[in-house]
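Novice: Before anything else, here's the structure in question.
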Amino acid sequence: MTPYKNKIDAKIYGRKWQRLNKDTVNAKSRKWKQENKEHIASYDKIRNIVFPEILKAHNGARKLKIKEGSVCEICRSPDNLEKHHTDYNRPLFFRILCKTCHTRLHKLKEIK
């Protein structure tokens, strides 16, 4: 039996712990990436074969810069802006979101 009422509570606790222990998490992540370079490369190769539209969308968006003076489409913040693809089949169409809103949007999709 777990100490959490449900999976969402466990996920919330885990994310909170990660935020409070960033140095530990980052050090473990760096170590794992160093030790598993071949695994990461093979996974990337398979992902690019299975999901070519995602690769195409990321490569297309990478070429386009976020314009000076842009703001988040949700909260209107001008800080930490990122691109969010709503449809990977249309690689040059994306939303401009701040990191916070982008993360929240993906978390909402995970819960649904």
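The values are calculated or read from the model by the stated rules, or taken from the named source; none is laboratory data. Keep in mind that this is a model prediction, so the values were computed, not measured. FYI the Cβ positions are ideal-geometry reconstructions off the backbone, even for glycines, and counts take in every protein chain you see.
Novice: Tell me which residues, restricted to region 4-31, are assigned to a loop (DSSP other than H, G, I, E, B) and in contact with a Ser or Thr (Cβ under 9 Å, 6 or more places away or on another chain).
Specialist: None - no residue of region 4-31 is assigned to a loop (DSSP other than H, G, I, E, B) and in contact with a Ser or Thr (Cβ under 9 Å, 6 or more places away or on another chain), so the list stays empty.
Novice: What's the number of the only condition in (1) under 23 Å from H106 (Cα atoms); (2) assigned to a helix (DSSP H, G or I) that I74 fails to meet?
Specialist: Unmet condition: (2).
Novice: Can you say whether E38 is surrounded by fewer than 11 Cβ atoms within 10 Å (Cβ to Cβ) and either of a type in the set (A, V, I, L, M) or not in a loop (DSSP other than H, G, I, E, B) (or both), as far as the supplied structure shows?
Specialist: Spelling it out, E38 is indeed surrounded by fewer than 11 Cβ atoms within 10 Å (Cβ to Cβ) and either of a type in the set (A, V, I, L, M) or not in a loop (DSSP other than H, G, I, E, B) (or both).
Novice: Moving to a separate point now. Being among the aliphatic types (A, V, I, L, M) and within 23 Å of L92 (Cα to Cα) is the filter here, so list the residues in region 19-78 that pass it.
Specialist: Scanning region 19-78 gives I49, V50, I54, L55, A57, A61, L64, I66, V71, I74.
Novice: For region 49-61, check the following and say yes or no: at least one residue is in a loop (DSSP other than H, G, I, E, B) and under 30 Å from K7 (Cα atoms).
Specialist: Yes, region 49-61 contains a residue that is in a loop (DSSP other than H, G, I, E, B) and under 30 Å from K7 (Cα atoms).
Novice: Can you work out which of the residues in region 56-97 that are among the basic types (K, R) and surrounded by 12 or more Cβ atoms within 10 Å (Cβ to Cβ) is nearest to K45 (Cα to Cα)?
Specialist: K56
Novice: So, K45, is that one surrounded by 11 or more Cβ atoms within 10 Å (Cβ to Cβ) and out of contact with any His (no Cβ under 7 Å at 6 or more places or on another chain) or not?
Specialist: Spelling it out, it is not the case that K45 is surrounded by 11 or more Cβ atoms within 10 Å (Cβ to Cβ) and out of contact with any His (no Cβ under 7 Å at 6 or more places or on another chain).
Novice: List every residue pair whose Cβ atoms lie under 9 Å apart, where the two residues are 6 or more positions apart in sequence or sit on different chains, the first residue falls within region 1-23 and is free of Cβ contacts under 8 Å to residues at least 60 places away in the same chain and small (G, A, S), and the second residue, located anywhere, is outside any helix (DSSP H, G or I) and surrounded by 11 or more Cβ atoms within 10 Å (Cβ to Cβ).
Specialist: A10/Y4
Novice: Continuing with this model, one more query. Would you mind finding the one in N6, N21, N36 that is out of contact with any Phe, Trp or Tyr (no Cβ under 8 Å at 6 or more places or on another chain) and farther than 27 Å from R104 by Cβ? Talk me through it step by step, then tell me what you get.
Specialist: Numbers: N6 fails: farther than 27 Å from R104 by Cβ; N21 fails: farther than 27 Å from R104 by Cβ.
Result: N36 is the single residue among N6, N21, N36 that is out of contact with any Phe, Trp or Tyr (no Cβ under 8 Å at 6 or more places or on another chain) and farther than 27 Å from R104 by Cβ.
Novice: Look at K67 and say whether it is at pLDDT below 85 and of a type outside the set (V, I, T).
Specialist: No, not satisfied.
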